[in-house]
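Read the structure below first, then the notes.
The values are calculated or read from the model by the stated rules, or taken from the named source; none is laboratory data. Keep in mind that this is a model prediction, so the values were computed, not measured. So basically every Cβ, Gly included, is an ideal-geometry build from the backbone, and we count neighbours across all protein chains shown.
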Amino acid sequence: MILAILAGVAIFLLAKGWPALTAAADKLPGNETFWHYVWPLAFGTVLSSAIALILAVPLAVGVALFITHFAPRRVANSLAALVDLLAAIPSVIYGLWGIAVLGPAAVGLQRWLYDHLSFLPLFKGPPSPTGRTMFVLGIVLAVMILPIISAIVREVFAQTPRSLREALGATRWEMIRMTVLPFGRPAIISASMLGLGRALGETMAVALILSVSGGVTLNLISSGNPSTIAANIALNFPESSGLAINLLIATGLVLFAITLLVNMAARLVINRQIRQ
C-alpha cells in the first residue's frame, strides 16, 4: 500500500507537471525554460538543508552521548524531554523566532565573518543589515531537525551491548570511541537522512526568514538569497493559474526526486555499514 501511494504521488506530479516540462520558454512565467526556473530553487533547497545538517548532526550526536553516557539519570530524562519538545514547536514559530530574535542577534556575527573571512565565497558579503540570510536560515533548520536526529541516535546508543561497553582497561571516552560510535554509525546516518528530508521540505520558516533574490549564490550572509522549492510553491500557488500551476507542480516533482535520491543513497550507505 505504501509503495502504491508513493507511485501514485509520483504519477500525479509527473502528469500535472508535464505541460510545464515540455512548454516553450515564452509560455512560462519569466520567459525562461523550466530548468532555468527550477535550478535556483533546487540549489537553495540543497544549500539550506546542507547547512542545517552540518550544524545539527555533531550537536545531536553530542547531546545523545551526554544523555546516554554522561548525565545523571534524572538530568538525562529531563534533558531528553526538553530536546524532544523542540519537535513539537510549529515551523511558523521557528520562522518568527528567526526573524525577531536570531536574525538581529546574528547581524554582528555576520559582520565579523565578512570582516575576517570575506576572501571565502561563503562570506564575501556585504552582510545583511536585517539578518534574513541563508546563514540564519541554516541555523533555524538545524534547531528544527536536531530533535529528530538526537532521538533516534540516543535510542541506539542506549542499546549498545553491555559486553561491548564493559571493555577492561578502557576509559569512558575510549569506550565511546571504540564501541558506542561504531555501533551507532548506521543510526547516525539514517537519522541524518530523516533530518535532511525534514529540512528539504520545510516551508514556512524559509518563507518567513529568507530575503529572496532568485539568483544562485554561495554567499550566506548577503541580502540576496535563492529561495527553496517548498517555500516558492507555498508563496506562489494561491495566486497562480493555468500553466503557472503546472510549473509549480513540476518543481514539486523535482523536490520529490531529490528527497528520493537522498534516501536511496542513505540506504546504500547504511547497508554497507551493516555488512562491515
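Just one of the listed residues (28, 102, 41) is in contact with a helix residue (DSSP H, G or I) (Cβ under 9 Å, 6 or more places away or on another chain), free of Cβ contacts under 8 Å to residues at least 40 places away in the same chain and surrounded by 14 or more Cβ atoms within 10 Å (Cβ to Cβ), and it is 102.
Tell me, which residue of the range 1-35 that is at pLDDT 90 or above and not hydrophobic (A, V, I, L, M, F, W, C) is farthest from residue 255 (Cα to Cα)? Filtering first and then ranking leaves 19. The single residue among 236, 246, 263 that is touching a Leu at 6+ places or on another chain (Cβ under 9 Å), of a type outside the set (A, V, I, L, M, F, W, C) and under 18 Å from residue 193 (Cβ atoms) turns out to be 263.
Residue 243: crowded, with 16+ Cβ neighbours inside 10 Å, modelled with pLDDT of 85 or more and not polar (S, T, N, Q), yes or no? Full working, then the answer.
Numbers: crowded, with 16+ Cβ neighbours inside 10 Å: no; modelled with pLDDT of 85 or more: yes; not polar (S, T, N, Q): yes.
Judged against the criteria, residue 243 is not a match.
The residues listed here are 141, 137, 146; of these, the one that is buried (at least 20 other Cβ atoms within 10 Å of the Cβ), under 30 Å from residue 219 (Cα atoms) and touching an Asp or Glu at 6+ places or on another chain (Cβ under 7 Å) is 141. Residues of the range 222-238 that are under 17 Å from residue 132 (Cα atoms) and under 18 Å from the mean Cα position of the chain (by Cα): 225, 226, 227, 228, 231, 232.
Is there a residue in the range 52-74 that is at pLDDT 90 or above, aliphatic (A, V, I, L, M) and loosely packed, with under 14 Cβ neighbours inside 10 Å? Scanning the range 52-74, I find at least one residue that is at pLDDT 90 or above, aliphatic (A, V, I, L, M) and loosely packed, with under 14 Cβ neighbours inside 10 Å, so the answer is yes. Among the numbered conditions (1) in a helix (DSSP H, G or I); (2) modelled with pLDDT under 90; (3) over 18 Å from the mean Cα position of the chain (by Cα), the only one that residue 262 does not meet is (3).
Taking the criterion of being of a type in the set (A, V, I, L, M, F, W, C) and in contact (Cβ under 8 Å) with a residue 40 or more places away in the chain, the residues of the range 90-99 that qualify are 92, 96, 97, 99. Being under 22 Å from the mean Cα position of the chain (by Cα) and modelled with pLDDT under 90: is that true of residue 103 here? When the stated conditions are applied, residue 103 does not pass them. Restricting to the range 105-134, and then to whatever is of a type in the set (D, E, K, R) and touching a residue at least 40 places away in the same chain (Cβ under 8 Å), can you tell me which residue is surrounded by the most Cβ atoms within 10 Å (Cβ to Cβ)? Here the answer is 132.
Which residues, taken from the range 225-254, are in a loop (DSSP other than H, G, I, E, B) and among the small types (Gly, Ala, Ser)?
Scanning the range 225-254 gives 227, 240, 241, 242.
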